[in-house]
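FYI, it's all coordinate maths here, none of it is from the lab. This is a predicted model, so every value here is computed, not measured. Heads up, the Cβs are rebuilt from the backbone with ideal geometry, glycines too, and the neighbour counts pull from every protein chain shown.
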Amino acid sequence: HKLLLVNGVNLNLLGKREPEIYGHTTLADIEERLIARAAQHGIELICIQSNHEGKLIDDIQYHGLLADTALQVDAIIINPAAFTHTSVALRDALLATQKPFIEVHLSNVHAREPFRHHSYLNDVAVGVICGLGHLGYQMALSYWLDSLYSVTI
Ligand code: DQA
């Protein structure tokens, strides 16, 4: 059993970047906690982050479309960051994998600038979590644990 956590542009700076908006938790903290929690249930969580749209797409294609289907990820948790509002290519890559995904944002994008209100992904996501800070990632993991692997949460 495998899940994929994808973080987009600038999220390598979490903890240092506008902490009043994005909090003090670093990406390494988030990833470590999620990896540990998934592992408790025998699930491997693969974590990727890039500031490069094409790199994210390469990695999503790789993990979603591995020739040995048993090695493919079952589902995805993605915070595309600013690519949310710009990337048709990321949407198409996610659709190409046919893997279900949850879109996560640390901040409540609907309470911010109008250009953050539109997402190229949200109509094809299973669900969207925003405004709950780093706990949003935990909630997305809880959802996959429950719905894919019948883990009682
Ligand atoms: C974000 C929201 C985006 O609008 C922004 O560009 C980010 C982070 C969030 O997690 O709140 O970089 O995805």
Q: May I ask you to verify whether ILE102 is hydrophobic (A, V, I, L, M, F, W, C), buried (at least 20 other Cβ atoms within 10 Å of the Cβ) and within 10 Å of the ligand (Cβ to nearest atom)?
A: no
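So that you can scan it fast, the table gives a plain yes or no per residue for (1) of a type in the set (D, E, K, R); (2) in contact with a helix residue (DSSP H, G or I) (Cβ under 8 Å, 6 or more places away or on another chain):
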{"site": "LYS2", "(1), (2)": "yes, yes"}
{"site": "GLY15", "(1), (2)": "no, yes"}
{"site": "ASP29", "(1), (2)": "yes, no"}
{"site": "LEU34", "(1), (2)": "no, yes"}
{"site": "ARG37", "(1), (2)": "yes, yes"}
{"site": "GLN49", "(1), (2)": "no, yes"}
{"site": "HIS52", "(1), (2)": "no, no"}
{"site": "ASP68", "(1), (2)": "yes, no"}
Q: Filter segment 1-46 down to the residues that are assigned to a helix (DSSP H, G or I) and among the acidic types (Asp, Glu), then identify the one that is surrounded by the most Cβ atoms within 10 Å (Cβ to Cβ).
A: GLU31
**Q.** Only one of ILE78, ILE46 that is under 11 Å from the mean Cα position of the chain (by Cα) and more than 16 Å from the ligand (Cβ to nearest atom)
**A.** ILE46
Q.
For segment 48-85, which positions are loosely packed, with under 15 Cβ neighbours inside 10 Å and under 24 Å from ARG17 (Cα atoms)?
A. HIS52, GLY54, LYS55
